[in-house]
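*Asks:* One structure, pasted below without further comment.
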Amino acid sequence: MSLTPLSLFSLPPNAHYPQNGKEHYVFFAFPHIGINSAGEVGAITRPGRPVKSCACGALQKCLIELKAEGYSKNCKVPGVHDPLDPEYSILKQRLARRVRYEGLDPTKMDLVSITHLAERTITNVSCWRESDSGCVRASRGALVC
């Protein structure tokens, strides 16, 4: 037996949000890093998983690729991204542009420094004003729209 009532699938697309007045949303973005019990940065063990993995895996992958390719290859025009992996390609492009803007050398970066870079990038993006987007920065890493 399904946990989702079939009647939900027959609702109109806009039935799940209010239709009157101004809408308000909160978006949270927090870069993260794992540190295991031995003090290894980025290495974590997860319950039910036989081997260590990385947190944050996306930032680790960005770091590896930026070190190998440099930032120039990844500084695309805003709005251009890989349609098969939009979230990751946009993340990598924004980090590459931030590396270029700050004049950093990706070959000298580690997981801690790219996590800090991600936080600065998020903070920069979240400093929008009401007149620009209808969004207001509520706190570090949070937008209220």
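*Asks:* Return the residues of segment 92-112 that are over 13 Å from K67 (Cα atoms) and in contact with a Leu (Cβ under 8 Å, 6 or more places away or on another chain); say none if nothing qualifies.
*Replies:* R98, E102
*Asks:* Mind listing whichever residues of segment 90-105 are open to solvent by 10 Å² or more (accessible area, probe 1.4 Å) and on the phi < 0 side of the Ramachandran plot? Step through it out loud before you land on a result.
*Replies:* Here is the first cut: in segment 90-105, the residues open to solvent by 10 Å² or more (accessible area, probe 1.4 Å) are 90-94, 97-98, 100-105.
Of everything in segment 90-105, those that are open to solvent by 10 Å² or more (accessible area, probe 1.4 Å) and on the phi < 0 side of the Ramachandran plot turn out to be I90, L91, K92, Q93, R94, R97, R98, R100, Y101, E102, L104, D105.
*Asks:* Could I ask something else about it? Those residues that are among the small types (G, A, S) and either assigned to a helix (DSSP H, G or I) or surrounded by 17 or more Cβ atoms within 10 Å (Cβ to Cβ) (or both), I need them from segment 46-61; list them, please.
*Replies:* Passing the criteria: A55, G57, A58.
*Asks:* If R100 satisfies all but one of (1) in a loop (DSSP other than H, G, I, E, B); (2) under 23 Å from I122 (Cβ atoms); (3) of a type outside the set (A, V, I, L, M); (4) modelled with pLDDT of 85 or more, what's the number of the condition it fails?
*Replies:* Among (1) in a loop (DSSP other than H, G, I, E, B); (2) under 23 Å from I122 (Cβ atoms); (3) of a type outside the set (A, V, I, L, M); (4) modelled with pLDDT of 85 or more, the lone unmet condition for R100 is (1).
*Asks:* Turning to a different aspect of this structure: Could you identify the single residue in K108, K92, K67, K76 that is farther than 19 Å from P31 by Cα and touching a residue at least 24 places away in the same chain (Cβ under 8 Å)? So that I can check it myself, show each step before the final result.
*Replies:* Numbers: K108 fails: touching a residue at least 24 places away in the same chain (Cβ under 8 Å); K92 fails: farther than 19 Å from P31 by Cα; K76 fails: touching a residue at least 24 places away in the same chain (Cβ under 8 Å).
Sole residue among the options that is farther than 19 Å from P31 by Cα and touching a residue at least 24 places away in the same chain (Cβ under 8 Å): K67.
The values are calculated or read from the model by the stated rules, or taken from the named source; none is laboratory data. Just so it is clear, the structure is predicted and the values come from calculations on it, not from any experiment. Ideal geometry is used to build each Cβ from the backbone, glycine not excepted, and the neighbour counts take in all protein chains shown. Areas reflect the complete protein model, heavy atoms only, side chains present, ligands, DNA and RNA absent. Shrake-Rupley method; radii C 1.70, N 1.55, O 1.52, S 1.80 Å.
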